[in-house]
Amino acid sequence: MSAASVLDGIGLEGRCVSLTLERGRIAAIAPCAGAAQWQVLPLPVDPHVHLDKSFIWPRARPDAPGLFPAIEATQSDKAYWTEADLRTRAARALAEAQANGIRGMRSHVDWGEPDTPLAWTVLGEVAAEWRDRVTLQRAPLVSLDILGDPAHGPAIAAHVAATGDGVLGAFLYRHADYPEKLARIFALAADHGLRLDFHVDEGLEPEAQGFDEIVRLTGVHGMAGRVLCGHACALSVRPADAVARVLDDAAEAGIALCVLPTTNLWLQDGSPGRTPRLRGLAPLHEARAAGVRVVFGADNVADPFYPFGSFDTIETLRLACTAAHLDPTEWLGAITTDASQTLGLPAPTIAPNAPADFLLLHGADWHQALRRPPKRRIFRNGTKIEDTP
Ligand SMILES: [Zn+2]
């Protein structure tokens, strides 16, 4: 590593500072005269993506709006999911993530049958190849009916515990007998010491209340900080008092909530020729006010669930700000510290002696930096590795 280098004009928590970088670390932070030109952010983490389906959109267009046609289109596309196809698309996704400064991601992996899907194994190999650049965790995305089935769940959980990244997961939307199935899944997680990550209540029917049962079981099993719920769109259409109660319980149980604006905006309340009225975002202001950790994910990128998008947490944050009326300066943690802690990764900081792994976004303040897609610089190990991709 070369001698120290100094970056001037860096905006950090509203102050202008200079960062001294030495041997891959932030050696010193000192006040700086004048106005900041760049805003600094620890390298972001995306807690919810799907690398097995990324970029299949051109060959897998759903024939109707909504979640279930997207699931069907993905199902049909799986005929093409060879090892080479999976590797090529996952590597493209990781390269895009790396170029945007992402240091870690959790990818769900479709697990449609009791047997282990090829994508689980291939993404595990790809994760090992990328370990030094982007940390990639896998979470199985299994139907509640399969994972909650005593004939299949134990073998899946054992396989995930042996070959995975410490996370078990399932898809839950108004499944029959869901409390019993969830109880079995929590017992499997407890037996194997696994975290849990759910796709839950991704729809606009107020009867979808799987989230409530996950909250209850998280408390029963003492799994605070180890359970992440993605979507929970149905909370957006339930009565305010019921939502307030379950969010209080979620905070008490230590559940984290992942809000996925691209996919929710695209899939919820869709029908041909009609403008959507309901946008499907979980009540994130209320959740955070209640004490729930809220994080943001890109979810789907160029697949049947969302045809646009990129592996870029900054763009996810910008869209979340528009969709949910957020002040970005209050939500930077949703793609950095909170996202890291939700995945069990070390919390990044911008502080003396911390690793010099960060993003610089061009702008005198956060408003300027995030007003439009920002010019950015990425530092890893104290070295600038990439300008705006
Ligand atoms: Zn998802």
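Derivation of every value follows stated rules applied to the coordinates shown; laboratory data play no part. Since the structure is predicted, the reported quantities are computational estimates derived from the model, not experimental observations. Note that each Cβ is placed from the backbone with ideal geometry, even for glycine, and that neighbours are counted across all protein chains shown.
Of the candidates 275, 342, 135, which one comes out as most mobile in a Gaussian network treatment of the chain with C-alpha springs shorter than 10 Å?
275
By how many degrees, between 0 and 90 and to the nearest 10, does the Cα long axis of helix 153-163 differ from the longest principal axis of the chain?
That works out to roughly 30 degrees.
Between 220, 101, 122, whose Cα lies farthest towards the positive end of the dipole of the chain when Lys and Arg beta carbons carry +1 and Asp and Glu beta carbons carry -1, centred on the Cα centre?
Selected residue: 101.
Using the 10 angstrom Cβ neighbour count as an exposure proxy, how do 54, 310 rank, fewest first? Please list the in-between numbers first.
On the way: 54 24, 310 20.
Ascending Cβ contact count within 10 Å gives the list 310, 54.
If you rank 238, 106, 279 by fewest surrounding Cβ atoms within 10 Å, what's the result?
Values: 238 21, 106 29, 279 15.
Exposure proxy ranking, most exposed first: 279, 238, 106.
Could you tell me which residue out of 363, 64, 54 lies farthest along the dipole of the chain toward its positive end? Charges go on the beta carbon: Lys and Arg +1, Asp and Glu -1, centred on the Cα centre.
Positive-most Cα among the choices belongs to 363.
Hey, if you put +1 on the Cβ of every Lys and Arg and -1 on every Asp and Glu Cβ in the stretch 272-313, which of 301, 311, 282 ends up farthest toward the positive end of that dipole?
Most positive-ward Cα: 282.
Counting only residues 5 or more places away or on other chains, whose amide H sits under 5 Å from the amide H of residue 139 once H atoms are built in the peptide plane?
107, 108, 109
Roughly how many whole Å is it from the C-alpha centroid of the stretch 105-166 to that of the stretch 313-389?
Value for the Cα centre distance between the two parts: 28 Å.
Just 293, 87, 372 to compare: in a GNM of the chain, with alpha carbon springs under 10 Å, which one fluctuates most?
372
Tell me the angle of helix 313-324 to the major Cα principal axis of the chain, expressed in degrees between 0 and 90 and rounded to the nearest ten.
In the chain, helix 313-324 runs at an angle near 70 degrees to the longest axis.
With +1 on each Lys and Arg Cβ and -1 on each Asp and Glu Cβ, how big is the dipole of the chain about its Cα centre, in debye rounded to the nearest 20? Intermediate values should be presented prior to the final figure.
Working: 36 positive and 47 negative charges, 251 e Å.
Charge dipole of the chain: 1200 debye, to the nearest 20.
Hey, got the dipole for the stretch 50-92? About the Cα centre, +1 on K and R Cβ, -1 on D and E Cβ, debye to the nearest 20? Before the final figure, lay out the partial values.
Numbers: 7 positive and 6 negative charges, 37 e Å.
Rounded to the nearest 20 debye, it is 180 debye.
Could you tell me the relative contact order of the chain? Use alpha-carbon pairs under 8 Å, at least six residues apart, and round to a whole percent. Could you put the intermediate results ahead of the total?
On the way: 858 pairs, mean separation 83.4, N = 389.
So the answer I get is 21 percent.
Checking the a/c ratio against 1.5 first, then a/b against b/c, what shape does the Cα gyration tensor give for the stretch 45-342?
Values: a/c = 1.26, a/b = 1.08, b/c = 1.16.
Rounded shape, in that the Cα axes give a/c under 1.5.
Give the total of Lys-Lys pairs in the chain with Cα-Cα distances below 30 Å; include a pair only if its members are 8 or more places apart or on different chains. Walk me through the numbers before you get to the answer.
Values: 53/78; 53/181; 53/375; 78/181; 375/384.
So the count works out to 5.
For n ≥ 4 DSSP H runs only, could you compute -39500 (n - 2.57) per run for the chain, divide by its residues and tell me the 222 nm figure to the nearest 500?
Details: 13 runs with 133 residues, N = 389.
Estimated from H runs of four or more residues: -10000 deg cm²/dmol.
Using the 10 angstrom Cβ neighbour count as an exposure proxy, how do 201, 212 rank, fewest first? Write out the running numbers ahead of the final one.
Working: 201 28, 212 20.
Fewest-to-most ranking of 201, 212: 212, 201.
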